[in-house]
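The values are calculated or read from the model by the stated rules, or taken from the named source; none is laboratory data. Because the structure is predicted, anything quoted here is derived from the model rather than measured. Don't worry about glycine lacking a Cβ; one is built from the backbone with ideal geometry, like all the others, and counts go over all protein chains shown.
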Amino acid sequence: MASHKLLLLAGDGIGPEVMTEVKKLIDLFNKKGLAQFSFDEGLVGGACYDAHKVSITDETMAKADAADAVIFGAVGGPKWDAVPYEVRPEAGLLRLRKDLGLYANLRPAVTYPALAEASSLKRELVEGLDIMIVRELTGGVYFGEPKTITDLGNGQKRAVDTQVYDTYEIERIARVAFELARKRRNKLTSMEKRNVMKTGVLWNEVVTQVHNREFKDVTLEHQLADSGGMQLVKNPKQFDVIVTDNLFGDLLSDIAAMLTGSLGMLASASLGEVNPKTRKRKALYEPVHGSAPDIAGKGLANPIAMIASFGMALRYSFDMGKEADMVDNAISAALARGLRTADIAAKGEATIGTTEMGDAIAEEIEKQV
Ligand code: NAI
Ligand code: MG
């Protein structure tokens, strides 16, 4: 059996609490002979700042670089509000994304049958929903130069952000998206605004070229990002995989997320180039939520987003699709039993804590072994 080296970076706030539940699953997988995981741990975010006055150390960066996958909790909180910008907790996560070259952000939007009521849309629109949004993460308007605010001297200022995309950046994100579509329902929708943006024109052209050259078997559709956003709330089940740029992806993935309910349920993966040493793709898996300082340390956090992120690691880093399905099924089963943390409970419903939810999911995995 192949052995896999994980780096666990729990962070601060509820990060360590939800990471504990992932460690339970790692132990379970090892004990049952389903996998051979080894893991190392490191400080990141506020936890690292308190110890080392930086939000991630070079030593931890080296470990992240050498790991087969990084499993990340959450960072941030009011405790570090006054900390210098370069070393604020979030900077640790940004450095990981940047230095590991994690250009593809995968955000699944999946409804769990037991929670279809949690959506802001009608049950019939979201029941059985399973979308994957692939967002370009290292380019576009968040990074393009020039990026300035200039004083025009007449009481006016001018702010400039620049959207830049090169062919290679669009090609590589398109490939990730096409490959995912191939393993799913074989449909990719590319979203941009070619009607008003040059980057949209190039995006459309390059995605079409990659399709024609390498992925003729996948159905490709193009939508303008604004009407795509409308379609996402009007008829979300028409989509399988959506690929889009950094800015539109930020918005569209948050919209898709709300189709499915609570922040405590949402997983993500960020993928980079194939590591020449391990021949695996660089990858970081993290829940979409933050450190939730309002409930940190109380044992109330929903561990499902974190556990589902670990499930994505099984699927996308370790080719353990069957085991990833076991994790997803276990989450569904625990929810079907009526188990609810406070964030996903209906008014008046009994709730359980982080540990109980983690235990129940582990139990439901064991039942499938
Ligand atoms: P947040 O996601 O931490 O919390 C928003 C709301 O959702 C809170 O009421 C929280 O209690 C609830 N919530 C979040 N995750 C939950 C879970 N697993 N179970 C139950 N309830 C949950 O976002 P917020 O409050 O905007 O940010 C708090 C801190 O986290 C800030 O410092 C922010 O910068 C940081 N942050 C970090 C992220 C990361 O590490 N990737 C992402 C987003 C925010
Ligand atoms: Mg966002």
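List of remarks:
- Of all the residues in segment 193-252, those that are among the polar types (S, T, N, Q) and either farther than 20 Å from ARG182 by Cα or surrounded by 15 or more Cβ atoms within 10 Å (Cβ to Cβ) (or both) number 9.
- In the set ALA324, ALA283, ALA301, ALA292, only one residue is on the phi > 0 side of the Ramachandran plot and among the small types (Gly, Ala, Ser); that residue is ALA292.
- When ARG337, ARG315, ARG279 are screened for being buried (at least 19 other Cβ atoms within 10 Å of the Cβ) and free of Cβ contacts under 8 Å to residues at least 40 places away in the same chain, only ARG315 passes.
- Top-ranked residue of segment 245-264 - restricted to ones that are in a helix (DSSP H, G or I) and acidic (Asp, Glu), ranked as modelled with the lowest pLDDT: ASP254
- Qualifying positions in segment 253-268 - buried (at least 19 other Cβ atoms within 10 Å of the Cβ) and either away from ligand 2 (no atom under 15 Å from the Cβ) or over 14 Å from the mean Cα position of the chain (by Cα) (or both): LEU259, THR260, GLY261, SER262, GLY264, MET265
- Test: residue in segment 193-200 that is free of Cβ contacts under 8 Å to residues at least 60 places away in the same chain, away from ligand 2 (no atom under 16 Å from the Cβ), under 20 Å from TYR103 (Cα atoms) and out of contact with any Phe, Trp or Tyr (no Cβ under 8 Å at 6 or more places or on another chain): yes
- Single residue of LEU284, LEU220 found to be part of a strand (DSSP E or B), within 16 Å of ligand 1 (Cβ to nearest atom) and of a type outside the set (Gly, Ala, Ser): LEU284
- Reported count of residues in segment 185-205, each being outside any strand (DSSP E or B), charged (D, E, K, R) and farther than 19 Å from LEU129 by Cα, is 4.
- Lone unmet requirement of (1) aliphatic (A, V, I, L, M); (2) within 16 Å of ligand 2 (Cβ to nearest atom); (3) assigned to a loop (DSSP other than H, G, I, E, B) for ALA296: (2)
- Test for ILE242: is it aliphatic (A, V, I, L, M), at pLDDT 95 or above and either in a helix (DSSP H, G or I) or within 16 Å of ligand 2 (Cβ to nearest atom) (or both): yes
- ALA324 vs. criteria in contact with an Asp or Glu (Cβ under 6 Å, 6 or more places away or on another chain) and free of Cβ contacts under 8 Å to residues at least 60 places away in the same chain: no
- Verdict on VAL288 being away from ligand 2 (no atom under 16 Å from the Cβ), farther than 18 Å from LEU121 by Cα and touching a residue at least 40 places away in the same chain (Cβ under 8 Å): no
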